[in-house]
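Participant: My structure is below; once you've seen it, I'll send some questions.
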Amino acid sequence: MLKKSCKLRVISAYLKQMKIDGKEFGSIFLAPMAGVSEVGFRHACKMAGADLTFTEMVSSKALMYESQKTKDLLITSELEDVKAVQLFGHEPEVMASACMREELQKFDLIDINFGCPAPKIVNNGDGSALLKDLKLLEQIVGKCAKATNKPISCKFRLGYGANDNIAVQVAKICENAGAKMLTVHGRTRAQMYSGQVDLESIAKVKASVKIPVVGNGDIINYESYLNMLKTGVDAVMIGRGALGDPNIFNRLKKQPETDLFELVKQHILELSKHYNDRYINVTMRKHLLWYVGGIKNATEIKQQIATSDNIQQSLKLVEQLLKNK
Ligand SMILES: Cc1cc2nc3c(=O)[nH]c(=O)nc-3n(C[C@H](O)[C@H](O)[C@H](O)COP(=O)(O)O)c2cc1C
C-alpha cells in the first residue's frame, strides 16, 4: 500500500506549505528537544532553512509555580517568524491555564507532549504515560483547545508497550477533541530510540484524520526525507539529524548551505542576547562537539572544547577545526 502511493508522491518531492486556519507553517520543522532546542540553536536552524521551530518541552506545572528557569525556555529569536511552544503535564486544568498565559501568546501553535519516554517524565504521569490513559489524554486536548484561540497540536508515539500500536486511535481522539495538527514519531515508548521508524503506521495515521499530520523519526538525509514523504504526511519534523548540522534544512530544500562557522557564531550571539556566560558555556559545549563531530583526528581539541569554560577560546578551536576540514 505504501509502495503504490510512493510513486504518486515522489513526483512532488517538495511538500506544500502546511496550513492551519489559513496560516502557513512551512513543511520542514525542527523538533522540540529538551536540553538542545534552546533559542540559539533554533536561531541557527532558522538561518539554515528550518520552517516551524518548537521550544523544548515546558512544564505546565512549573509555569503555574512561576519558575523563572521554565519561563526562560520560552525565550524566542526574532528570526522565528512562525514558532511553536511545547507543553507537558497531565492535569487538564493546569495545562489549559498554561495555554492562557501571557508568555505563550507570541507563539503560533501550542503543542502537547504525549511522546516523551524518559522515566522521570513518565513516572510522573506525563509524556508518553498518557498513551495509557486515553480518557485523560482526551480531556487534556479538549480543555486546552477550549482555553485558547491558538491552534493546539499533539505529538505522540505509536503506543506505550513494545507491541502497542494505538496511533490511529490516539490521532482520532486528538482530532475530535480539537487538535489542529498531529506529529507522529513512528516508535513506541518501549522502543525509546531503538529500531527503525515505522513509516507504515505514520501513513495509517495520515489516512485516518483530516487535520495535517507531521511525520517524525530518523530523517537524516534526502533519502530518508523522501521515504517519509511517501507516507503522505503534510510536513516533516527533524530532531537528531539537525544536531551539529542545521544545514540539513537547506539540503532537503535544495538550497545553498549556510557557512557552518557563521551558524556557530550566530548560535552563540543569539544566546548571548539572553543568557549569562556560564549558561552559554555549559549549553554550547555539547553543541560545539556536535558541530565538529564528523572531523577526524581531533580528539585532543575536542577534549579541550568539552572541558572549556571560555566560549571565545572554544570558538577559536572550532574555527580551526572547521577551516581545516
Ligand atoms: C535530546 C533529545 C531531547 C528530546 N526532547 C523532546 C522534547 O522535549 N519533546 C518532544 O516532544 N520530543 C523530544 N524528543 C524527541 C524528538 O522530538 C523526536 O521526536 C525524536 O528524536 C525522533 O526524531 P529524530 O529521529 O528526527 O530525532 C527529544 C529527542 C532528543 C534526542
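Participant: Being touching a helix residue (DSSP H, G or I) at 6+ places or on another chain (Cβ under 9 Å), modelled with pLDDT of 95 or more and farther than 22 Å from residue 185 by Cα, is that true of even one residue in the stretch 26-41?
Facilitator: yes
Participant: Can you name every residue in the stretch 251-269 that is under 22 Å from residue 218 (Cα atoms) and crowded, with 22+ Cβ neighbours inside 10 Å?
Facilitator: Correct list: 252 only.
Participant: Mind checking whether some residue in the stretch 242-252 is in the same structural domain as residue 197 (by TED's automatic domain parsing) and over 27 Å from residue 17 (Cβ atoms)?
Facilitator: Yes.
Participant: Moving to a separate point now. What are the residues in the stretch 229-268 that are over 22 Å from residue 51 (Cβ atoms) and of a type outside the set (D, E, K, R), if any?
Facilitator: Let us first name the residues in the stretch 229-268 that are over 22 Å from residue 51 (Cβ atoms), namely 261, 265, 268.
261, 268, listed by residue number.
Participant: Of all residues in the stretch 119-140, how many are touching a residue at least 12 places away in the same chain (Cβ under 8 Å) and within 15 Å of the ligand (Cβ to nearest atom)?
Facilitator: 11
Participant: Kindly indicate which of 106, 155, 120, 135 is under 15 Å from the mean Cα position of the chain (by Cα), open to solvent by 10 Å² or more (accessible area, probe 1.4 Å) and at pLDDT 95 or above.
Facilitator: Only one candidate qualifies: 155.
Participant: Moving on to the next point. Condition first: among the hydroxyl-bearing types (Ser, Thr, Tyr), under 19 Å from residue 317 (Cα atoms) and touching a residue at least 12 places away in the same chain (Cβ under 8 Å). Now tell me which residues in the stretch 251-301 satisfy that.
Facilitator: 283, 291
Participant: Residues 106, 135: which one is within 21 Å of residue 73 (Cα to Cα) and charged (D, E, K, R)?
Facilitator: Going through 106, 135 in turn, the sole match is 106.
Participant: Please work out if residue 295 is more than 17 Å from the chain's Cα centre (by Cα), outside any loop (DSSP other than H, G, I, E, B) and of a type in the set (Val, Ile, Thr).
Facilitator: Working: more than 17 Å from the chain's Cα centre (by Cα): yes; outside any loop (DSSP other than H, G, I, E, B): no; of a type in the set (Val, Ile, Thr): yes.
No: the conditions fail for residue 295.
Participant: If you scan the stretch 244-293, which residues turn out to be closer than 16 Å to residue 321 by Cβ and of a type in the set (Asp, Glu)?
Facilitator: 245, 259, 262
Participant: Here is a follow-up. Give the stretch 86-103 a look and list any residue that's of a type in the set (Val, Ile, Thr) and either in a strand (DSSP E or B) or open to solvent by 30 Å² or more (accessible area, probe 1.4 Å) (or both), or say none. Walk me through how you get there before you give the answer.
Facilitator: Of the residues in the stretch 86-103, the ones of a type in the set (Val, Ile, Thr) are 94.
None - no residue of the stretch 86-103 is of a type in the set (Val, Ile, Thr) and either in a strand (DSSP E or B) or open to solvent by 30 Å² or more (accessible area, probe 1.4 Å) (or both), so the list stays empty.
Participant: If you don't mind, another one. Within the stretch 1-25, how many residues turn out to be in contact with a Lys or Arg (Cβ under 8 Å, 6 or more places away or on another chain) and either under 15 Å from residue 212 (Cα atoms) or modelled with pLDDT of 95 or more (or both)?
Facilitator: Here the count works out to 3.
The values are calculated or read from the model by the stated rules, or taken from the named source; none is laboratory data. This structure is a prediction, so every number in the text was calculated from the model and none was measured. Glycine gets a Cβ as well: all are built from the backbone with ideal geometry, and neighbour counts include every protein chain shown. Side chains included, ligands, DNA and RNA excluded: accessible areas come from the protein's heavy atoms. Shrake-Rupley method; radii C 1.70, N 1.55, O 1.52, S 1.80 Å.
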